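Taking it in order: structure first as structure tokens, then the write-up.
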Amino acid sequence: MNGNVLIIEDEETIVNVLASILIANEYIPVIAKNGAQALTMLRSFQPDVILLDLGLPDMEGLDLLKKVKETNLCPVLVVSARDKEWEKVEALDLGADDYITKPFGNSELLARIRVALRNRSENDERTVNNRAIYCCGKLRIDSERHIVWLNEERVHLTKNEQRIIELLSRNPGKVLTYDYLIKNIWGADMQDNNRILRVNMANIRRKLEENPAEPQYIITEIGVGYRLADESYF
Ligand code: CA
């Protein structure tokens, strides 16, 4: 078995879809139909991943997320509507590990769950050997030694380009918000300046992507941020 997944969702149709995908892929779904039930369950039960619908009948999904994150270390994936970019950004700021957008496909759901589980266990390992190598397709990034290879050849990036790609590569498959990236690279003062990030990202893509207009490695999440592809995208 791959792990227990707590589904916090009130819509029965969606619960059934999620549960059957999870069972077919050797996860054990556990269901809470509202926020209160979820909080009660979490007092005695430690899931491996939580899928949290933000539209719950008894409380604000984002409030529940905050409560869960205060007491629980397990990764949380929020389930959000397609047009609610602000909600996704806010959820990520509150500590959600990622989101999936309704309606979602099986492979998207499973990829997000895999990434959440893997990042968690890799973070544990990293504290031991403190090395971070990212490998995906023809791209390889060593963020310890600050080296990027594409097709076995070294890629020369500026200092900020290097820092951006390393930040993404330490979180493979996970979306990082514009604000998070800008704050970490340029500091909080620049936080509302998305342009500087876009310019840098265009340069990185020119150096790393075969076709920068259809990026394979650096995926844009419109209105939210960027994610670096992980193996499961290939
Ligand atoms: Ca709902």
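Evaluation of residue 15 against the conditions (1) away from the ligand (no atom under 12 Å from the Cβ); (2) surrounded by 15 or more Cβ atoms within 10 Å (Cβ to Cβ); (3) free of Cβ contacts under 8 Å to residues at least 24 places away in the same chain; (4) among the aliphatic types (A, V, I, L, M) shows that the sole unmet condition is (1). Would you check if there is a residue in region 39-46 being buried (at least 21 other Cβ atoms within 10 Å of the Cβ) and in contact with a strand residue (DSSP E or B) (Cβ under 7 Å, 6 or more places away or on another chain)? No, region 39-46 contains no residue that is buried (at least 21 other Cβ atoms within 10 Å of the Cβ) and in contact with a strand residue (DSSP E or B) (Cβ under 7 Å, 6 or more places away or on another chain).
Whether any residue in region 18-28 is within 13 Å of the ligand (Cβ to nearest atom) and either within 19 Å of residue 106 (Cβ to Cβ) or surrounded by fewer than 19 Cβ atoms within 10 Å (Cβ to Cβ) (or both) is what I want to check. Among the residues of region 18-28, at least one is within 13 Å of the ligand (Cβ to nearest atom) and either within 19 Å of residue 106 (Cβ to Cβ) or surrounded by fewer than 19 Cβ atoms within 10 Å (Cβ to Cβ) (or both), which makes the answer yes. Of everything in region 189-234 that is among the small types (Gly, Ala, Ser) and within 22 Å of the chain's Cα centre (by Cα), the residue that is modelled with the lowest pLDDT is 232.
Applying the condition of being over 15 Å from residue 50 (Cα atoms) and within 15 Å of the ligand (Cβ to nearest atom) to region 1-12 and asking which residue is most open to solvent (accessible area, probe 1.4 Å) yields 12. Say whether the condition of being open to solvent by 50 Å² or more (accessible area, probe 1.4 Å), touching a residue at least 24 places away in the same chain (Cβ under 8 Å), within 14 Å of the ligand (Cβ to nearest atom) and closer than 19 Å to residue 14 by Cα is met by at least one residue in region 59-66. No, that holds for no residue.
Residues are listed down the side, and each one gets a yes or a no for (1) of a type in the set (Val, Ile, Thr); (2) at pLDDT 95 or above; (3) under 19 Å from the mean Cα position of the chain (by Cα); (4) in a strand (DSSP E or B):
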site: 7; (1), (2), (3), (4): yes, yes, yes, yes
site: 13; (1), (2), (3), (4): yes, no, no, no
site: 28; (1), (2), (3), (4): yes, yes, no, yes
site: 36; (1), (2), (3), (4): no, yes, no, no
site: 65; (1), (2), (3), (4): no, yes, yes, no
site: 86; (1), (2), (3), (4): no, no, yes, no
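Tell me which residues, restricted to region 34-58, are more than 16 Å from the ligand (Cβ to nearest atom) and not acidic (Asp, Glu). Matches in region 34-58: 39, 40, 41, 42, 43, 44, 45, 46, 47, 49.
Residue-by-condition table, conditions (1) part of a loop (DSSP other than H, G, I, E, B); (2) in contact with a Cys (Cβ under 7 Å, 6 or more places away or on another chain); (3) of a type outside the set (Gly, Ala, Ser); (4) open to solvent by 30 Å² or more (accessible area, probe 1.4 Å):
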| position | (1), (2), (3), (4) |
| --- | --- |
| 135 | no, no, yes, yes |
| 145 | yes, no, yes, yes |
| 160 | no, no, yes, yes |
| 165 | no, no, yes, no |
| 173 | yes, no, no, no |
| 181 | no, no, yes, no |
| 195 | no, no, yes, yes |
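Could you tell me whether residue 114 is open to solvent by 30 Å² or more (accessible area, probe 1.4 Å), at pLDDT below 95, within 15 Å of residue 174 (Cα to Cα) and away from the ligand (no atom under 16 Å from the Cβ)? Against the criterion (open to solvent by 30 Å² or more (accessible area, probe 1.4 Å), at pLDDT below 95, within 15 Å of residue 174 (Cα to Cα) and away from the ligand (no atom under 16 Å from the Cβ)), residue 114 qualifies.
Against the definition (among the polar types (S, T, N, Q) and open to solvent by 30 Å² or more (accessible area, probe 1.4 Å)), how does residue 34 come out, yes or no? Judged against the criteria, residue 34 is a match.
Within region 201-234, the only residue that satisfies the criterion of being assigned to a loop (DSSP other than H, G, I, E, B), among the aromatic types (Phe, Trp, Tyr) and open to solvent by 60 Å² or more (accessible area, probe 1.4 Å) is 234.
Report, by residue number, each residue of region 73-98 that is under 16 Å from residue 117 (Cβ atoms) and either open to solvent by 10 Å² or more (accessible area, probe 1.4 Å) or in contact with a Cys (Cβ under 8 Å, 6 or more places away or on another chain) (or both). Scanning region 73-98 gives 73, 97.
The values are calculated or read from the model by the stated rules, or taken from the named source; none is laboratory data. No experiment lies behind these values; they were computed from the predicted model shown. For neighbour counting, all protein chains shown are included, and Cβ atoms are generated from backbone atoms with ideal geometry for every residue, glycine included. Surface accessibility is based on the protein's heavy atoms, side chains included, excluding ligands, DNA and RNA. Shrake-Rupley method; radii C 1.70, N 1.55, O 1.52, S 1.80 Å.
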